[in-house]
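What follows draws every value from the coordinates through simple rules; no lab data is involved. No experiment lies behind these values; they were computed from the predicted model shown. Positions of Cβ are generated from backbone atoms using ideal geometry, with glycine treated the same way; all protein chains shown enter the neighbour counts.
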Amino acid sequence: MLIDPFERQVTYLRVSVTDRCDFRCFYCMSEHMSFLPKADLLSLEELDRLCGAFVALGVKKLRISGGEPLVRRGIMTLMHRLGRHLKTGALDELTVTTNASQLERYAEELVDCGVRRINVSLDTLDEANFVAITRWGKFAKVMAGIEAARAAGLRVKINTVALSGVNDAEIEDIVRWCGGKDMDLTFIETMPMGEIDGDRSAQYLPLSEVRARLAKRWTLDANDHQSGGPARYVSLRESGQRVGFITPLSHNFCESCNRVRLTCTGNLFMCLGQDDAADLRAPLRASDDDAAVIAAIREAISRKPKGHDFIIDRTREAPAVSRHMSVTGG
Ligand code: SAM
Ligand code: SF4
């Protein structure tokens, strides 16, 4: 088992399989991003081996993310390989966070790999707004992707970043749209990660405001649902649907953190909001035996910090952490 210095058991690994993406969401990336040289990436076999080491150490939930994970070449080979841990019972859940652009193509195969639920990031239902937010995204393709996922039997949860002056007028519409399709919905606050083209503080919308808006239309009942992630939920009494809130800034979500994050170059980040990382690529490549990599994982977990120090304010020009969310996959 992996237990950190604060007695938290690490059971959840998020893996960013690529830092590249077919979108350029303005709050996530600048329009002209420089990406890692392909030669620096771990191979799919190496990613599989590393994930296997984590599963052997008690990780029960794997989330494949990015960048856009479904644009990595050969991604389904990795998904099929990882699915074997579900069959043995070592892993409880294999899941994906995606922008849905490739779901028409891959939804059924994801089900074949053992995936049952996915998170789709969607910040607007308005096509013009969608283009303004994602810069390169194709709205119709995303909508078709979401329908393909539902048709394949995947449970879809929508993740929406709350953005002041961008999608705040759509909050109620997004809630109703998700309710109508029986999809859970989670709102997320923007986090100060990586340089982007604009001013992040102008777009920051505290979820306390989103919650207050929802409370004007619906009766919010406490809901103690635990997804294994950082979201806290309410139920809307009138529609019965569940809405989650991920509030890394306005509320500390670190106390029960069970997560670590692996990048596509084999760096392990023990906290989304801190720069400390452990290199797992060197011990992985040093030997075919997993002993060195397992020792490196254990050593890394012994350094897992208590929490992050995110703040967004107008007096700080630099982001709290310099890497983009796409490096660690959120
Ligand atoms: N491309 C995939 C997607 O968009 O679902 C997976 C990677 S994306 C980095 C994962 C999640 O991080 C998305 O829900 C996205 O909205 C969110 N995200 C990206 N940058 C963020 C930021 N600075 N603050 C908060 N959420 C962010
Ligand atoms: Fe790509 Fe996801 Fe970042 Fe948007 S949020 S640019 S889809 S990685």
Exercise. Please give the length that would be gained between SER201 and ASP168 if that part of the chain were fully extended, namely 0.36 nm times their separation in residues minus their C-alpha to C-alpha distance (nm, one decimal).
Key: 10.4 nm
Quiz prompt | Calculated [θ] (222 nm, deg cm²/dmol) that DSSP helices of n ≥ 4 give over the chain, each run adding -39,500 (n - 2.57) | solution = -9000 deg cm²/dmol
Quiz item: Among MET1, MET76, MET325, MET270, which comes first, then next, by fewest other beta-carbon atoms within 10 Å?
Solution: MET1, MET76, MET270, MET325
Self-check item: Candidate aspartates and glutamates for bridging to LYS141, where Cα separation is under 13 Å - those fewer than 8 sequence places away on the same chain excluded
Solution: ASP22, GLU104, GLU127
Quiz item: In a GNM of the chain with a 10 Å cut-off on Cα contacts, which of PRO248, PRO206, PRO37 has the highest mean-square fluctuation?
Solution: PRO37
Practice problem: Find the cysteines in the chain that fail to meet the 4.7 Å Cβ criterion with every other cysteine, and list them. | Solution: CYS21, CYS51, CYS113, CYS178, CYS254, CYS257, CYS264, CYS271
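Would you mind calculating the gained length between GLU238 and GLU7 on full extension (0.36 nm times residue separation, minus the Cα-Cα distance), in nm to one decimal?
Details: separation 231, 0.36 × 231 = 83.16 nm, distance 3.96 nm.
Contour length minus the Cα-Cα distance gives 79.2 nm.
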Quiz item: With point charges of +1 on the Cβ of Lys and Arg and -1 on the Cβ of Asp and Glu, referenced to the Cα centre of the range 56-166, which listed residue (CYS113, LEU70, ALA90) lies farthest in the positive direction of the dipole?
Solution: ALA90
Quiz item: Which residue, ALA148, ALA162, ALA100, has the most motion in a Gaussian network model of the chain that connects Cα atoms within less than 10 Å?
Solution: ALA148
Quiz item: Most fluctuating residue of LYS60, LYS216, LYS181 in a GNM of the chain with Cα springs under 10 Å: which is it?
Solution: LYS216
Quiz item: Between ALA291 and ARG105, what is the FRET efficiency for a Förster distance of 30 Å, r being their Cβ-Cβ separation, to the nearest 0.05?
Solution: 0.15
Quiz item: On a 0 to 90 degree scale, rounded to 10, what angle separates helix 44-56 from the longest Cα axis of the chain?
Solution: 90
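Arrange the following residues from fewest to most other Cβ atoms within 10 Å of their Cβ: ARG211, ARG14.
Details: ARG211 16, ARG14 22.
Least crowded to most crowded, the residues run ARG211, ARG14.
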Exercise. Please determine, in degrees from 0 to 90 and to the nearest 10, the orientation of helix 291-301 with respect to the longest principal axis defined by the Cα atoms of the chain, where the helix direction is its Cα long axis.
Key: 40
Quiz item: So what are the chain's ellipsoid semi-axes, whole angstrom, largest first, if each one is the square root of 5 times an eigenvalue of the alpha-carbon gyration tensor?
Solution: 30, 22, 21
Exercise. Using only Cα atoms, locate the centre of the range 151-170 and the centre of the range 220-292, then give the distance between them in Å, rounded to an integer.
Key: 19
Quiz item: To the nearest 20 debye, what charge dipole does the range 95-209 have about its Cα centre, counting +1 at the Cβ of each Lys and Arg and -1 at the Cβ of each Asp and Glu?
Solution: 440
